[in-house]
Amino acid sequence: MLTLLVFLSLVYGLEGADVVLSCSLIEEGGGMGGMMGGSMFKRTPSTLVFRDLVGNADLSPELVTPYNPPETPNADDLIFELMLPSIQIPNADLLLHADCNEQEVVCEISRYVPRDAELDSLPAHFIGSVQLDGGGISLTLVLQTLHSETTQSHTQPLVQSTLNLTLSQAGTLLTEVVFVVFSRVPSIVAPIGGDVMLDCGFRQKDSVPGQEVALEWRLQHRGNGRKILDMKAREEETDTAPELFVDREGTSADADLLVRDGNASLTMQGLKVKDEGTYICTVGSGEFQTQQIVQLHITQPPHVTLSEEKLIFQDSTPQKLSCHCQRYYPLDVQVEWLSQAPSAEEPVSFTKESSLSSHRQHSDGTYSLSSYLTLQPDEHPPGTVVTCRVSHSALETPSDVSLTADRTEPSKRFLLFLFFSFFFTNMHFKNVNLL
């Protein structure tokens, strides 16, 4: 994880807050290959500076430190200075407040080659991935270096040693955002049978009117992947329908919203366990194409019941209780047994005395499990409350089902014994009287 640093620009004429991220520049090579298998990547510390990202009306200059470039520019420093606003970045204020909320930001930068472009062509392009840890905004930015005219001076220009690109007089690489794909909800939880919208959108600088926009959604789960939706649309006043492929019933994306508002969200109805996984939203427009990842977690709380409606001890015979947890997802569930006597202030745990069945998986992907506890009459006097407590990720609070121990009732055998004893005794006295 990488730490987020937030600064407020105090330069005259600037009215926005600067956000500074500690990042890594990712390059191929530089690692051990061969027997280790696969290509390795080199990570070089770098800095990404968002200039004037959000307004500062609610910020106090006394509480934030202004960002200043290094006093002495260094060709070995990697500082990407992002001049904004080139295009609007949704929910950018979440980055600004991440430090105060004790959230961390993962930031990675690598070279990017647009469609039909050469690797070393100018302007140069980079792709930046910015993810707010613990939920919130997730961005994939295409950065484009600004024209050399912006860095002209009478002195010899400073060239970055790793990238071989001309730096500004302050020693930063001036860039702007020309394309961004984002998700404001990169992780979402939804119930079985419910509906969900997977959030994804894009913005592009200087898009050509009538330009085709390509959208693809793929599901990746447990090593398997498949295309869910494929759409190609353009903003034209014609009756021509967009090209569309859908591989899941109840799934849709809005072509008009895609080309008009940059809304690439996917709507899914009637969710099932098999819909859970990693969804990849890929958007292509013009020379740019990049993607966002949205995690969909499917849940269903357990239905909890006890095997008995009453808890009645007969003589000194132990009573066996079963606690059934049915049709839950995901797998992990915790079952506790508690017993609280009438005179006790706190319940006593009997979980160690219980046993569990194996998990049973149903055809819809949900699970069931049972827990068993044998109760001794002398440990649970009348009025004792016995509780089965079930905890599961789909439950906001644990689910409790309880029974209260009742007074001991005579057994049927004992009642029959009393009946026949009374009967034969009565007959005996009648016979005696007849004699």
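Side notes on the structure shown:
- If R0 equals 60 Å, the separation of the Cβ atoms of residue 211 and residue 314 corresponds to a calculated FRET efficiency of about 0.15.
- A straight chain from residue 364 to residue 400 at 0.36 nm per residue would run longer than the Cα-Cα distance by 10.4 nm.
- Label-point gap, in nm, between residue 220 and residue 118 - each point 7 angstrom along Cα→Cβ: 3.2
- Under the criterion of Cα pairs below 8 Å and six or more residues apart, the relative contact order for segment 101-242 equals 15 percent.
- Extension gain (nm, one decimal) between residue 104 and residue 374, 0.36 nm per residue minus Cα-Cα: 92.3 nm
- Scanning residues 5 or more positions from residue 350 or on other chains, those with amide H under 5 Å from its amide H are 337, 338, 339, with H placed 1.01 Å from N in the peptide plane.
- Per-pair calculated FRET efficiency, R0 = 41 Å: residue 246 and residue 159 via Cβ, rounded to 0.05: 0.25
- Quotient of Cα Rg and 2.2 N^0.38 Å for segment 170-244, N being how many residues it contains: 1.53
- Peptides 371-379, 118-126 ordered by average Cβ neighbours within 10 Å, highest first: 371-379, 118-126
- Here the alpha carbons of segment 201-260 define both size measures, Rg and Dmax, at 13.4, 43 Å.
- For segment 190-248, accessible area per residue (1.4 Å probe, heavy atoms of protein chains only), Å²: 61
- Probe 1.4 Å, accessible area per residue of segment 249-394, Å²: 50
The values are calculated or read from the model by the stated rules, or taken from the named source; none is laboratory data. Everything numeric in this text was worked out from a predicted model, so none of it was measured. Neighbour counts are summed over all protein chains in view; Cβ atoms, including those assigned to glycine, are modelled from backbone coordinates with ideal geometry. Areas reflect the complete protein model, heavy atoms only, side chains present, ligands, DNA and RNA absent. Shrake-Rupley method; radii C 1.70, N 1.55, O 1.52, S 1.80 Å.
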